[in-house]
Amino acid sequence: MRKGTLATSVSLTICTALGAGMPAAAMAETAAEEGATRAADHSPADIIVTARKRAENVQDVSESITVVSGESIDTLQIVQPSDLTRIAPALTFRDNPIPTSSGFAVRGIGTSTFSSTVEQSVSTVVDGVVLGQPQSAASLIDISRVEVLEGPQGLLFGKNASAGLVNIVTNTPRLGSLAAEASVTYGSDGELRNSGVLNVPLGDTLAVRIVGFRNRTDGFIHNKFLNQDYNGEKNYGFRGKLLFEPSDNVSLLVSADYAKDTSACCFSTTRTLGTNANLANFFNLYGVIPGPDNLDVVAGKPFGTYPGAPLRVYKGVSGQLDVDLGGRELTSITAYRRNHYILDFDGDQTPLDRFDYNGGDYDYKQFSQELRLASPAGQTVEWLAGLFYFRSTNDVFFQAGGRLLGPAPLPLVVAVIETHFRSKSYAGFGSVAWDATDALRLRVGGRLTRDELKARRLAYDLPGARPGSSAIIGSVAGDTTETGRTTNFSWKVTGEYDVAPDVMVYANVARGYKGPGLASSGIVQPGVDPIIRPEKVWSYDLGIKASFLDNRATFNAALFYEDFTDFQTQIYDTSTNPP
């Protein structure tokens with residue numbers, strides 16, 4: 001939920017071209033970026049996307065895609081990934097107090113779970129790097145374009161995209177161009193946004209681009225007990241890129257980013273009290289009226305008991321090397337990321353300390369390596385082949401409980417679950433496209449994936465808490481180790497037919513896959529396997545893409561059917577005791 005705002009924006013831009021002209025590679029990249037922008041303004045230029053790991057006109061891609069240019073993102077005041085739902089009809093976003101549980105849904109399908117070791121069904125890719133935790137795409141500043149792809153996309157985009165994918169492409173440094181831009185936006189509800197971009201050429205073959213941002217907004221969820229407001233925004237960050245092009249055939253792009261978020265987010269309000277008499281008493285005392293328009297809570301410790309909450313830190317570094325091998329394009333993308341969270345919240349949502357321990361410390365690291373080789377474009381037969389490796393570790397210190405049955409001096413009942421989770425994924429993938437006739441094209445691709453999981457979990461009582469707390473919470477104390485291994489072959493077959501020069505119909509059949517996971521913050525019970533089975537989907541698409549009036553008007557439509565097996569989600573069942 002977000003209130004509407006009235007905003008005023010002030011910006012300053014300085015651009016100076018140095019030298020007689022930009023190198024060909026930089027000019028091509030700039031043309032692609034500007035092409036996406038001009039298309040968004042309804043001019044004849046093509047909208048360029050990379051949905052199939054090649055630069056293509058979106059109208060030539062047999063996928064259901066929504067594309068928005070960086071210029072449109074600025075105009076529409078889209079400042080964070082959750083705002084993208086305003087421009088992509090099939091895209092929704094779910095906020096959660098635990099950011100690893102927040103994520104996108106495409107066509108109504110997404111992952112809802114409190115477990116930080118279960119990945120999202122809708123993957124997020126930033127500059128070619130798959131984010132194991134999509135929420136680390138903190139802010140949309142200095143963006144070239146965003147592509148929202150519907151349906152299974154794991155074939156070419158790394159891993160775990162069984163429902164769809166959000167592909168974010170940021171602007172790269174521009175050779176031979178000195179440019180600076182600063183922007184300040186002030187709006188209602190305490191909105192204040194600052195951003196700056198600096199592009200500096202360092203000779204003819206080297207350029208640096210630096211981006212910084214800082215965002216502040218007031219909250220709109222009011223805690224009547226503490227007289228505080230939540231669900232505002234408070235974050236800042238930086239991104240730096242270095243582009244080196246020693247020749248027309250070689251390009252190296254090194255990127256680094258850092259973001260810190262201390263926003264008091266993401267609180268929900270009560271629409272109906274049901275049978276919660278304890279909460280009803282406090283609502284009556286403080287004049288809170290449950291319902292769809294309720295924006296009030298009465299939490300005693302909104303950020304729980306863990307010191308340092310709330311805190312979210314995202315940082316990473318990546319390098320992309322592109323080499324032209326006589327028409328064949330070799331691409332290598334190496335990336336490392338780390339996310340750190342300190343999160344806790346008031347589980348009982350009352351001034352009493354019944355369930356004020358509900359979170360802890362989360363430390364996530366990932367390393368990925370992608371290597372792919374693509375044939376020249378425009379051939380009768382085009383192909384792409386690649387290898388992918390992904391490794392992540394996730395260390396979670398989670399505590400849950402409180403006084404449970406009433407106020408002090410009743411003893412604490414707090415269980416601690418420490419999870420040390422490791423995930424490895426190996427994959428080989430490829431695709432082939434064949435122009436059978438001038439109007440008919442056939443495409444087929446496959447991906448062989450091997451996932452390996454290992455987790456050690458220690459469950460015990462918080463020192464000083466009542467003995468046996470783990471059992472009362474519903475968990476079994478002890479030291480356990482779980483492992484899981486799966487091998488999967490996912491694939492996609494596509495047929496395209498041009499019924500007219502600017503009208504294409506297509507049909508897709510795909511078998512999608514999302515790897516296994518672990519219920520890291522859930523309940524450890526005898527006889528219940530904590531390893532969550534892989535999620536698989538059959539997907540069928542039938543679509544049409546048509547352009548009119550020299551590309552000034554387009555008509556795209558698609559029919560789809562998706563059938564998921566072992567869909568990964570988490571349900572909070574209040575009919576049991578404990579829930």
Checklist entry - Under the condition of being within 18 Å of the chain's Cα centre (by Cα) and among the charged types (D, E, K, R), which residue from segment 234-277 is nearest to PRO302 (Cα to Cα)? => result ASP261
Item to check | From the options VAL499, VAL476, VAL528, residue that is among the hydrophobic types (A, V, I, L, M, F, W, C) and modelled with pLDDT of 90 or more | outcome: VAL499
Checklist entry - Does GLU181 satisfy the criteria of being among the acidic types (Asp, Glu), buried (at least 22 other Cβ atoms within 10 Å of the Cβ), in a strand (DSSP E or B) and in contact (Cβ under 8 Å) with a residue 40 or more places away in the chain? => result no
Item to check | Residue check for ILE73: at pLDDT 85 or above, over 30 Å from ARG457 (Cβ atoms) and touching a strand residue (DSSP E or B) at 6+ places or on another chain (Cβ under 7 Å) | outcome: yes
Next on the checklist: Looking at (1) surrounded by 21 or more Cβ atoms within 10 Å (Cβ to Cβ); (2) at pLDDT 75 or above; (3) among the hydrophobic types (A, V, I, L, M, F, W, C), which one does ALA519 not meet, given that it meets all the others?
Outcome noted: (2)
Next on the checklist: Can you find, within segment 384-417, the residue that is nearest to GLY316 (Cα to Cα) among those that are among the polar types (S, T, N, Q) and either touching a Cys at 6+ places or on another chain (Cβ under 6 Å) or crowded, with 23+ Cβ neighbours inside 10 Å (or both)?
Outcome noted: ASN394
Checklist entry - Can you name the residue in segment 129-141 that is modelled with pLDDT under 80 and assigned to a loop (DSSP other than H, G, I, E, B) and is also surrounded by the fewest Cβ atoms within 10 Å (Cβ to Cβ) among such residues? => result ALA137
Checklist entry - When only residues in segment 254-272 that are among the aliphatic types (A, V, I, L, M) and open to solvent by less than 30 Å² (accessible area, probe 1.4 Å) count, which is modelled with the highest pLDDT? => result ALA259
Checklist entry - Looking only at residues in segment 112-128 that are in a strand (DSSP E or B) and open to solvent by less than 10 Å² (accessible area, probe 1.4 Å), which one is farthest from SER332 (Cα to Cα)? => result VAL122
Checklist outcome for this item: TYR561 vs (1) open to solvent by less than 50 Å² (accessible area, probe 1.4 Å); (2) at pLDDT 90 or above; (3) under 23 Å from ALA163 (Cα atoms): all pass except (1)
Checklist entry - Of the numbered conditions (1) open to solvent by 60 Å² or more (accessible area, probe 1.4 Å); (2) modelled with pLDDT under 75; (3) among the hydroxyl-bearing types (Ser, Thr, Tyr), SER43 satisfies every one except a single condition; which is it? => result (1)
Checklist entry - Could you say whether any residue in segment 188-199 is of a type in the set (Lys, Arg) and under 30 Å from LYS301 (Cα atoms)? => result yes
Checklist outcome for this item: Reported set for segment 333-378 where residues are without any contact (Cβ under 8 Å) to a residue 40 or more places away in the chain and either buried (at least 22 other Cβ atoms within 10 Å of the Cβ) or of a type in the set (S, T, N, Q) (or both) is THR334, GLN369
Checklist entry - Any chance segment 161-172 includes a residue that's touching a residue at least 40 places away in the same chain (Cβ under 8 Å), over 19 Å from the mean Cα position of the chain (by Cα) and surrounded by fewer than 21 Cβ atoms within 10 Å (Cβ to Cβ)? => result no
Next on the checklist: in contact (Cβ under 8 Å) with a residue 12 or more places away in the chain and open to solvent by 60 Å² or more (accessible area, probe 1.4 Å): is that true of VAL381 in this structure?
Outcome noted: yes
Next on the checklist: Tell me yes or no: at least one residue of segment 440-462 is under 26 Å from LEU518 (Cα atoms), at pLDDT below 90 and part of a loop (DSSP other than H, G, I, E, B).
Outcome noted: yes
Item to check | Odd one out for LEU175 among (1) touching a helix residue (DSSP H, G or I) at 6+ places or on another chain (Cβ under 6 Å); (2) assigned to a strand (DSSP E or B); (3) buried (at least 23 other Cβ atoms within 10 Å of the Cβ) | outcome: (2)
Checklist entry - Hey, any hits in segment 190-202 for a residue that's crowded, with 22+ Cβ neighbours inside 10 Å, touching a residue at least 60 places away in the same chain (Cβ under 8 Å) and either at positive phi or in a strand (DSSP E or B) (or both)? => result yes
Next on the checklist: Could you tell me how many of the residues in segment 76-111 are open to solvent by 30 Å² or more (accessible area, probe 1.4 Å), charged (D, E, K, R) and at pLDDT 80 or above?
Outcome noted: 2
Next on the checklist: Of the conditions (1) in contact (Cβ under 8 Å) with a residue 40 or more places away in the chain; (2) touching a Phe, Trp or Tyr at 6+ places or on another chain (Cβ under 7 Å); (3) under 30 Å from GLY237 (Cα atoms); (4) open to solvent by 50 Å² or more (accessible area, probe 1.4 Å), TYR286 satisfies every one except a single condition; which number is it?
Outcome noted: (3)
Checklist entry - Could you list, in sequence order, the residues of segment 225-251 that are open to solvent by 70 Å² or more (accessible area, probe 1.4 Å) and basic (Lys, Arg)? => result LYS234
Next on the checklist: Quick check on GLY326: is it among the small types (Gly, Ala, Ser) and open to solvent by less than 60 Å² (accessible area, probe 1.4 Å)?
Outcome noted: no
Item to check | 3 or more residues modelled with pLDDT of 90 or more and more than 27 Å from the chain's Cα centre (by Cα): qualifying strands (runs of 3 or more DSSP E) within segment 309-408 | outcome: 311-325, 381-402
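The values are calculated or read from the model by the stated rules, or taken from the named source; none is laboratory data. Since we're looking at a predicted model, the values are computed, not measured. Methodologically, a virtual Cβ is constructed for each residue, glycine included, from the backbone with ideal geometry; neighbour enumeration extends over all protein chains shown. Please note that ligands, DNA and RNA were not included when accessible areas were found on the heavy atoms of the full protein model with its side chains. Shrake-Rupley method; radii C 1.70, N 1.55, O 1.52, S 1.80 Å.
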